[in-house]
Amino acid sequence: MITLVDNHQSLSDEIRLSSGINFNACLHCKTCANGCPFLAGMDYAPNGIIRLIQLGMEEQALKSSTIWVCVGCNTCSSGCPMAIDIPAVMDALRHKAIEMGVEIAEPDILNFHTQVLNTVKKYGRTHKLEIMMRYKLKKLDLFSDMGVGLKMLKKRKLDLTPSKIQDKKAIEKIFRH
Ligand code: SF4
Ligand code: SF4
């Protein structure tokens, strides 16, 4: 058992402050869970994550696969009667999980997120080939999808060199905040 925070109120407050969302308004009506297209891949339903934090079970929330499987599609929040922005809560929890150094339930998803962000930071745009190469390199698995990669290259679905935006300072500014 690791100690993440002094008491459950502090994580609840932290998430509320960083996401700007008062998830304590949740009615646990499960509309979000019923509409989530990725529920089958999650260990807790979206409202279950909220419940864990309310109950002071922050370790389970931060170690859950749910916070990484969520793709931020907003299906849940658009149907929520309390207009709770669940993707913003998931995002705040992902940041917290990394900050606290907890065991990440879906390291491959974190690896992919990191590689996408790295190319945006460098070029102001994604560069698919670099994302794929770095992702596979980190996994020490360079060859398993080689056939698909070659087909994509042949069909010109992958650019060999990245395209860059001109105003790099604007990107630097975004990443500073
Ligand atoms: S839809 Fe909204 S109110 Fe209902 S359980 Fe989900 S987060 Fe809570
Ligand atoms: S934003 Fe996340 S939790 Fe909400 S419906 Fe989409 S995948 Fe599910």
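Just so you know, all these numbers are worked out from the coordinates, no wet-lab data involved. Here the structure is a predicted model, which means the values were calculated and not measured. Reconstructed Cβ throughout: ideal geometry from the backbone, glycine too, with neighbour counts over all protein chains shown.
Report, in degrees rounded to the nearest 10, the 0 to 90 angle that the Cα long axis of helix 86-100 makes with the longest principal axis of the chain.
With rounding to tens, the tilt is 80 degrees.
Name the residue farthest towards the positive end of the dipole of the chain from the options Ile21, Leu52, Ala170, assuming +1 on Cβ of Lys and Arg, -1 on Cβ of Asp and Glu, about the Cα centre.
Ala170
Compute the acute angle (0 to 90°) between the alpha-carbon long axis of helix 107-123 and the principal axis of greatest extent of the alpha-carbon atoms of the chain; round to the nearest 10°.
Between helix and principal axis, roughly 60 degrees.
How big is the Cα convex hull of the chain in projection, averaged over all directions, in nm²?
Hull-based average projected area comes out at 12.3 nm².
Could you order the peptides 81-88, 150-157 from most to least packed, using the average number of other C-beta atoms within 10 Å per residue?
So the peptides 81-88, 150-157, ranked by packing, come out 81-88, 150-157.
Is there a pair in Lys136/Lys169; Lys139/Lys164; Lys121/Lys173 whose C-alpha atoms are over 19 Å apart, and which pairs would that be?
Pairs exceeding 19 Å: Lys136/Lys169; Lys139/Lys164.
Given N residues in segment 107-176, what is Rg(Cα) / (2.2 N^0.38 Å)?
1.20
Under 4.7 Å Cβ to Cβ, no partner at all: give me those cysteines from the chain, in residue order.
By the Cβ distance rule, which asks for a partner under 4.7 Å, the isolated cysteines are Cys26, Cys29, Cys36, Cys70, Cys73, Cys80.
So if R0 is 35 Å, what FRET efficiency would Cys29 and Leu117 give, r being the distance between their Cβ atoms, rounded to the nearest 0.05?
Taking R0 as 35 Å, the efficiency between Cys29 and Leu117 is 0.55.
How much FRET efficiency would the formula 1/(1 + (r/R0)^6) give for Ile174 and Met146, where r is the Cβ-Cβ distance and R0 is 30 Å, rounded to 0.05?
Taking R0 as 30 Å, the efficiency between Ile174 and Met146 is 0.30.
Please work out the Cα convex hull volume for segment 25-105 and give it in Å³ per residue.
Expressed per residue, the convex hull around the Cα atoms of segment 25-105 is 77 Å³.
Give, rounded to the nearest 20 debye, the magnitude of the charge dipole that the chain has about its Cα centre when Lys and Arg contribute +1 at Cβ and Asp and Glu contribute -1 at Cβ.
1240
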